[in-house]
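The values are calculated or read from the model by the stated rules, or taken from the named source; none is laboratory data. Fair warning: this is a prediction, and the values are worked out from it, not measured in the lab. We place every Cβ from the backbone using ideal geometry, glycine too, and count neighbours over all the protein chains shown. Just so you know, the surface numbers come from the protein's heavy atoms only, side chains and all, with ligands and any DNA or RNA stripped out. Shrake-Rupley method; radii C 1.70, N 1.55, O 1.52, S 1.80 Å.
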Amino acid sequence: MIVGLLSTVILMQCFLIAYPIIERKLRQRTVMLRVEDAASIKSAVALAGRRMLSSRRVTMSFNDDESLYALLAKLKNRVLGRRTHHAYAYYNFPFAFLLNGLLDYSVATGDSDVLKRVESKSKEFIDEAGVLKFPIDKLDQATFGLMFLTLFELTKDDRYLTGARRIFEEMQAFKGEDGLYRYRIGLNVFFIDTVGLLCPFLVRYSQVAGVPIAMADAEAQVKFALANCVEPSKGLAIHAYDLASEQALGSVNWARGMGWLTLGLSVVAREARDPALMEAMRRYADILGDLREPYGYWPQFLGHTNDRQIDSSGTLMFLHAFQQCGIWNIDGAEVKSLAALCVDRRGRVVQSSGDTIYINKYSRLKGPSELSQGLMLSLLSGLKP
C-alpha cells in the first residue's frame with residue numbers, strides 16, 4: 001500500500017513538472033483574420049459576438065494563474081457545483097460591454113435579429129416586471145444599466161427603464177457624502193475605473209429618465225479624476241486615489257486606466273458641452289498619439305514596458321472615446337490595420353489583457369474578451385459611410 005501511494009505521489013510530481021511544457025507545446029497559435037475590407041471585418045466580429053452571446057461562459061480572463069493548480073481548482077469547483085467565480089465574471093462589465101456593442105451594431109446596421117438576440121439574453125438579467133436577477137455588489141455593473149436604457153429606447157418596454165432605475169438607485173450606496181462614488185462599498189478609495197464604467201450610464205440615465213442629478217454626478221466624477229487621479233507631467237491616469245490619506249495609488253501608465261478615463265470623459269465632455277473638458281480630450285488625443293508604438297497602437301502599459309504587443313482593450317477604448325466625441329475619425333483603413341493585429345480568423349477580438357486583480361496587480365494574460373469584442377463592435381458601428 002505504501003509503495004502504491006509513493007508511486008502515485010511520484011507520478012503526480014512528474015505530471016506537475018511536465019504540465020507547463022506540454023501545455024506550451026500543444027497550445028495552438030492564434031491565426032489572425034484574413035483582412036479584406038471593413039465590411040467583412042464588421043461581419044466577422046458581429047458573428048463572433050453572437051456566438052459569445054449564446055454562451056454562459058465568460059472568455060475574458062478573471063484569473064491570472066494558468067498553472068495546473070488553478071486548472072485542478074477549477075475542476076474541483078465544477079465537481080462540487082461551486083459557481084461563485086462564474087457569477088462574479090458573468091454579471092460583470094465584460095458581458096455588459098458585449099451587449100452594448102451588439103446593440104450599437106443593431107442600430108447602425110438595422111439588424112433586427114441582433115436586437116432580438118440581445119432581448120432574449122436580457123431575460124437572464126431582468127424579469128418581466130423589471131426586477132434584476134442578480135445582486136448589485138460592484139460599481140462595474142452600472143454598465144448593465146446602459147444596456148437597459150438602450151433597450152428601452154429601442155423597444156419602449158418599461159421594464160428596461162425600471163431595471164435602469166433600480167441600478168441607479170443601487171449605485172447610490174457607493175456614493176459618499178462628498179458626492180464621489182467608491183469603487184466598492186466600505187472602501188474609501190476612488191478608482192479611475194469609475195469614470196469609464198459609471199459616468200456613461202449616469203449621463204444617459206439623466207437624459208432618458210430626466211434625472212439632472214445623475215448628469216451632475218457624472219461631471220463631478222470626471223472633474224475629480226482630472227484634478228486628483230492624473231500624474232503631473234503628461235496628465236496620464238493614476239489607477240486610484242485614497243480619499244482618507246489623499247494619496248495617489250497604483251500605476252501611472254496603465255493603458256486601460258487611461259482608457260477608463262477617456263471613455264467617461266468623452267461622453268461627459270460631449271453632452272455637457274463643457275469647453276474645458278473637450279480641451280482635455282484634445283490634449284489627451286495629442287499625448288496618446290505620441291505614445292503609439294511603431295505598429296500604430298498601444299500596449300498594456302504606455303511608454304517604457306517589457307511587452308510592447310498590442311493590448312486590444314486599452315487600444316479600443318482610446319479609439320472609441322475619441323471617435324464618439326468627434327476628435328478622431330476612424331475609417332476603413334484604420335480598422336483594417338487594427339484588425340490585422342487583434343482579430344482572429346473566427347472574428348474574435350484577441351490580445352485583450354485580463355481583468356485587473358487589484359491596484360498594483362495587473363493581469364499578465366491576453367486573449368479574447370467580451371470587453372474588447374463589444375468595444376470593437378461599437379467602434380465599427382461608428383464608422384462613417
For this session: Just one of (1) in contact with a Phe, Trp or Tyr (Cβ under 9 Å, 6 or more places away or on another chain); (2) under 19 Å from I41 (Cα atoms); (3) part of a loop (DSSP other than H, G, I, E, B) trips up G296, so point out which.
Result: (1)
Problem set entry | Selection from segment 356-378 of residues that are in a loop (DSSP other than H, G, I, E, B) and open to solvent by 10 Å² or more (accessible area, probe 1.4 Å) | T356, I357, I359, N360, Y362, R364, L365, P368
For this session: Taking only segment 168-213 into account, find how many residues are closer than 19 Å to F148 by Cβ and of a type in the set (D, E, K, R).
Result: 3
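Results for (1) open to solvent by 40 Å² or more (accessible area, probe 1.4 Å); (2) among the β-branched types (V, I, T), shown as yes or no for each residue.
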| position | (1), (2) |
| --- | --- |
| A333 | yes, no |
| S337 | yes, no |
| V343 | no, yes |
| V350 | no, yes |
| G354 | no, no |
Seminar exercise, completed: Restricted to segment 13-60 and to residues being among the polar types (S, T, N, Q) and either modelled with pLDDT under 85 or more than 21 Å from A89 (Cβ to Cβ) (or both), the residue least open to solvent (accessible area, probe 1.4 Å) is S40
Exercise. Within the bounds of segment 267-282, is there any residue that is in contact (Cβ under 8 Å) with a residue 60 or more places away in the chain, part of a loop (DSSP other than H, G, I, E, B) and surrounded by fewer than 21 Cβ atoms within 10 Å (Cβ to Cβ)?
Worked result: no
Seminar exercise, completed: Going through segment 243-253 in order, the residues found to be open to solvent by less than 40 Å² (accessible area, probe 1.4 Å) and either more than 25 Å from L371 (Cβ to Cβ) or of a type in the set (A, V, I, L, M) (or both) are L243, L249
Problem set entry | Candidates R256, R292, R308, filtered to the one that is buried (at least 21 other Cβ atoms within 10 Å of the Cβ), out of contact with any His (no Cβ under 8 Å at 6 or more places or on another chain) and among the charged types (D, E, K, R) | R256
Exercise. Among Y284, Y241, Y297, which is closer than 28 Å to K361 by Cβ and under 19 Å from the mean Cα position of the chain (by Cα)?
Worked result: Y297
Exercise. Does R165 satisfy being outside any loop (DSSP other than H, G, I, E, B) and either among the acidic types (D, E) or open to solvent by less than 10 Å² (accessible area, probe 1.4 Å) (or both)?
Worked result: no
For this session: Could you tell me whether any residue of segment 226-237 is in contact with a Leu (Cβ under 9 Å, 6 or more places away or on another chain), among the β-branched types (V, I, T) and not in a helix (DSSP H, G or I)?
Result: yes
Problem set entry | Residue, most open to solvent (accessible area, probe 1.4 Å), within segment 126-162, restricted to residues that are more than 17 Å from L202 (Cβ to Cβ) and basic (K, R) | K156
Problem set entry | Number of positions in segment 87-139 that are modelled with pLDDT of 95 or more and in a helix (DSSP H, G or I) | 29
Problem set entry | Of all residues making up segment 311-330, the number that are out of contact with any helix residue (DSSP H, G or I) (no Cβ under 7 Å at 6 or more places or on another chain) and either within 22 Å of D344 (Cα to Cα) or open to solvent by less than 20 Å² (accessible area, probe 1.4 Å) (or both) | 1
Seminar exercise, completed: Counting only residues that are touching a Leu at 6+ places or on another chain (Cβ under 8 Å) and either farther than 22 Å from V230 by Cβ or open to solvent by 40 Å² or more (accessible area, probe 1.4 Å) (or both), segment 175-218 contains a total of 10
